[in-house]
Amino acid sequence: MRREFLCAVAGCSFFYHSVCIEQSKAVGERISRQNSFYKYALGLVFENAKKDLVQAKVVIDRCGNREFRDQLGRYLKRRMNTEAHLIKKVAMEASHSNDLLQLADMVCGAVARSFNMQKTDRFVFRKM
C-alpha cells in the first residue's frame, strides 16, 4: 500500500522539510518530556522552512489535550512571526480526515525508514 500511495503522488507538485532526531540521544530535561520534545522538533522543522512560509495556514495532526494544542499554536506563531508574519493560522486536525496530513505521514514514514539501518529497502520509499 505504501509503494502504491507514493507512486500515485510522485507526479504531484509538492515539497517537504524534514528533521530526524534520534530521540534516545536527545539530552536535557527541556526536550526529554514528550510535549517539549514535540515542540522542539516542530520548531526545528519550521526554522528550516522559514523561506517557504508566507501567511501560511499550518495544519498539524491532532495530538495531546486542548491546552497542549493551544500552547503549540501560540508557540509556533510566536517563534516564527518575529521578523515577518510567516504563520497566519495553526490548526489541528485528525490525519484520517485530511489528505495532506496523510501525505505528510507517508513522507515522514519514508524519511524515517531511510534512517533505519536494519531495513534493506531503506532508500526505496524515500527515492519515490
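Among the residues that make up segment 34-45, is at least one of them at pLDDT 90 or above, over 13 Å from the mean Cα position of the chain (by Cα) and under 25 Å from residue 14 (Cβ atoms)? Checked segment 34-45: no residue is at pLDDT 90 or above, over 13 Å from the mean Cα position of the chain (by Cα) and under 25 Å from residue 14 (Cβ atoms). Which one of these is within 20 Å of residue 108 (Cα to Cα) and of a type in the set (D, E, K, R): 2, 74, 66? Criteria check complete, one pass: 2. Kindly indicate whether any position in segment 81-99 is under 20 Å from residue 20 (Cα atoms) and either surrounded by 16 or more Cβ atoms within 10 Å (Cβ to Cβ) or not aliphatic (A, V, I, L, M) (or both). There is no residue in segment 81-99 that is under 20 Å from residue 20 (Cα atoms) and either surrounded by 16 or more Cβ atoms within 10 Å (Cβ to Cβ) or not aliphatic (A, V, I, L, M) (or both). Can you find, within segment 110-128, the residue that is farthest from residue 3 (Cα to Cα) among those that are touching a helix residue (DSSP H, G or I) at 6+ places or on another chain (Cβ under 7 Å) and in contact (Cβ under 8 Å) with a residue 24 or more places away in the chain? The extreme case among them is 111.
The values are calculated or read from the model by the stated rules, or taken from the named source; none is laboratory data. Keep in mind that what you see is a predicted model, and the values were worked out from it rather than measured. Neighbour counts are summed over all protein chains in view; Cβ atoms, including those assigned to glycine, are modelled from backbone coordinates with ideal geometry.
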